[in-house]
Amino acid sequence: MPGGDWPSDEWLHGFADGQAFLNQLGRHLKVELIKAGYGSLVPSSDERFWGRTGFNNSLPSDLLYTSNWSERHAAFVCGLGTFGLSEGLITSKGMAGRFGSIITEMYLSPDRREYQNVDECCTRCGKCAKNCPVNAISLEEGKNHSICSKFLGQILEKYWPRYGCGKCQINVPCESKIPQKNNENTN
Ligand code: B12
Ligand code: SF4
Ligand code: SF4
């Protein structure tokens with residue numbers, strides 16, 4: 001496999017340490033909101049949260065890759081973006097980022113959601129599918145979690161304790177912005 005198919009140091013750290021930062025930020029915001037008198041919780045850090053990423057699991061395949069709190073759906077509902085072919089959420093800052101969420105009793109004025117459909121920011125240019133080192137994505141079938149997860153398992157072995165891939169989220173028209181429909185194959 002060509003070296004370029006493996007993750008860069010930046011991506012490995014962005015994934016693992018970036019998530020640690022998000023968790024810490026969530027905890028901090030929760031404490032401050034509660035101190036200010038607003039009941040709050042961070043679903044992904046709550047004791048009732050669970051997620052399955054397919055590793056070491058003997059469950060049926062449709063139950064292997066899921067969680068009981070979807071950051072992407074939370075972000076979609078909050079108006080941050082819509083789903084792409086690679087299944088990542090495309091926001092005005094693009095797809096190459098991570099999400100965190102917090103539920104609070106503090107009243108915040110709603111702003112306007114700028115889209116109608118679940119997938120309207122994706123042009124279906126297919127660049128994410130071309131980038132995937134293990135062909136886990138196709139225009140016909142979308143994304144195959146099992147193939148993706150297996151590759152992530154190999155990366156975990158090689159780069160333990162860090163892992164991550166994300167080639168479907170970089171060097172794509174939706175990497176850092178909502179792509180233009182009439183300019184599909186350029187960054
Ligand atoms: C399990 C998991 C995986 C599994 C795959 C399972 C999966 N469902 O995607 C594996 C290990 C393979 C994986 C890989 C990666 N993941 Co991951 N993963 C998760 C995790 C922990 C749970 C996802 C989940 O199952 N949610 C529950 C299900 C119901 O919701 P969902 O998957 O979010 O939603 C999908 C389905 O509902 C589907 N769908 C089917 N029918 C319909 C119908 C309608 C109407 C709608 C709206 C949707 C829909 O569309 C949604 C989008 O895929 C989340 C964190 C979280 N708690 O949300 C991160 C998360 C999804 N992962 C993320 C990332 C970045 C990655 C990687 C790039 C890893 C990396 N950093 O290198 C890769 C590749 C991502 C890719 N191409 O999708 C980010 C996505 C950021 C983004 N911009 O979207 C998340 C949100 C983590 C985070 N905190 O930011 N991941
Ligand atoms: S690379 Fe193209 S097809 Fe893939 S999610 Fe982004 S806009 Fe959609
Ligand atoms: S994270 Fe890597 S293996 Fe998984 S779909 Fe994206 S490019 Fe393919």
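Readers should treat all values here as calculations from the given coordinates under stated rules, not as data from a laboratory. None of the values given here were measured: they were computed from a predicted structure. Here Cβ is always computed from backbone atoms with ideal geometry, including for glycine, and neighbour counts include all displayed protein chains.
Computed over region 95-187, the convex hull of the alpha-carbon atoms projects to a mean area of 8.7 nm². Taking 0.36 nm per residue of separation and subtracting the Cα-Cα distance, full extension of the segment from residue 119 to residue 158 would add 10.6 nm. Shown here: the chain, whose C-alpha atoms stretch 54, 42, 33 Å along the first, second and third principal axes, sorted largest to smallest. The lysines within cross-link reach of residue 167, meaning a Cα-to-Cα straight distance under 20 Å and a gap of 8 or more places when in the same chain, are 93, 127, 130, 143, 150, 158, 177.
In debye, nearest 20, what is the charge dipole magnitude of the chain about its Cα centre with +1 on Lys and Arg Cβ and -1 on Asp and Glu Cβ, if you could check? Please report the intermediate quantities before stating the final value.
Details: 20 positive and 20 negative charges, 23 e Å.
For this selection, approximately 100 debye.
Checking Cβ-Cβ separations below 4.7 Å across the chain identifies 78, 121, 122, 125, 132, 148, 165, 174 as cysteines lacking any candidate disulfide partner.
Based on DSSP H segments of at least four residues, each scored -39500 (n - 2.57), the chain has a per-residue ellipticity at 222 nm of -9500 deg cm²/dmol.
The Cα center of region 118-140 and the Cα center of region 92-110 differ in position by 25 Å. The chymotrypsin sites (Phe, Trp or Tyr not before Pro) of region 97-187 that meet both conditions, a loop assignment by DSSP and at most 12 other Cβ atoms within 10 Å of the site Cβ, are 107. Across the chain, where is the longest run that never hits GluC sites (Glu not before Pro) in a DSSP loop with at most 11 other C-beta atoms within 10 Å? In the chain, the maximal stretch lacking such sites is 48-104.
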